Amino acid sequence: MKLNAPLKLTGMLLTGILALVCPSSAHAADRVIIGNVSRTVEQLPNYAATDKGFFAQEGIQGDVVLIGSTDTLVQALIAGQVHVAIVDPSAAINAVERGAALKIIGGTVPIAAYTLVGCPKYKTIKELNGTTLGVVSLVSGSTIFLREMLKTQGLELNRDYTIIQNGPTVQRLASPKAATPRRR
């Protein structure tokens, strides 16, 4: 697979950030555990940096681990179980506001890249009135963005719809198949 220029640049940027955070030694590769919530396009630079040898070129052994929720990933970062977490910045901001010693050092996606996915019977956002929506985290930036998007269509949380935290992308995509509208 040939990498396009933006992907290669992002992978090198991530490698550079990790090189600054975890300087390499001359004798052995430093192990850096990178935490992701799920396998999405936003995480692609991690896999590209590993597969294309960008980490190895800098003397870094970059190990990518999947952790099922943003909140759990931030907890793993705070506990030192992962060294770098690729998460929505609001999760890190929320943790810092509660006293965590975290730093946001860079990003892999320059825009809010969200997609609202629903059952085929829903054709417009307004048709979500009376439903329950699944999100990765109740306090994530994507959830805040969702609430604001629904508000522009006249829908208010807990009046017109509810939200539940139901895991990473794969679990949320499976949920609409079994979902039934909430009765009002």
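Just so it is clear, none of the values below were taken in a lab; they were calculated from the coordinates. Every value quoted in this text rests on a predicted model; they were computed, and no experiment measured them. We place every Cβ from the backbone using ideal geometry, glycine too, and count neighbours over all the protein chains shown.
The Arg31 and Ile164 beta-carbon pair, evaluated with R₀ = 35 Å, returns a calculated FRET efficiency of approximately 0.45. Put a dot 7 Å past the Cα of Asp51, heading toward its Cβ, do the same for Thr115, and the two dots end up 1.8 nm apart. If you add up the charges near Ser140, with Lys and Arg at +1 and Asp and Glu at -1, over every other residue whose beta carbon is less than 9 angstrom from its beta carbon, what do you get? For residues surrounding Ser140, the net value is -2.
One decimal place: the segment Thr40-Leu102 gains 20.0 nm when fully extended, by the rule 0.36 nm per residue minus the C-alpha distance.
Quick check: Cα centre of the stretch 126-144 to Cα centre of the stretch 42-88, how many Å? Cα centroid of the stretch 126-144 versus Cα centroid of the stretch 42-88: 26 Å apart. Please give the net charge around Asn94, taking every other residue with its beta carbon less than 14 angstrom from that of Asn94, where Lys and Arg add +1 and Asp and Glu add -1. Local charge sum for Asn94: -2. Note on Ala79 and Glu127: their simple-model spin labels are 4.2 nm apart, each label 7 Å out from Cα toward Cβ.
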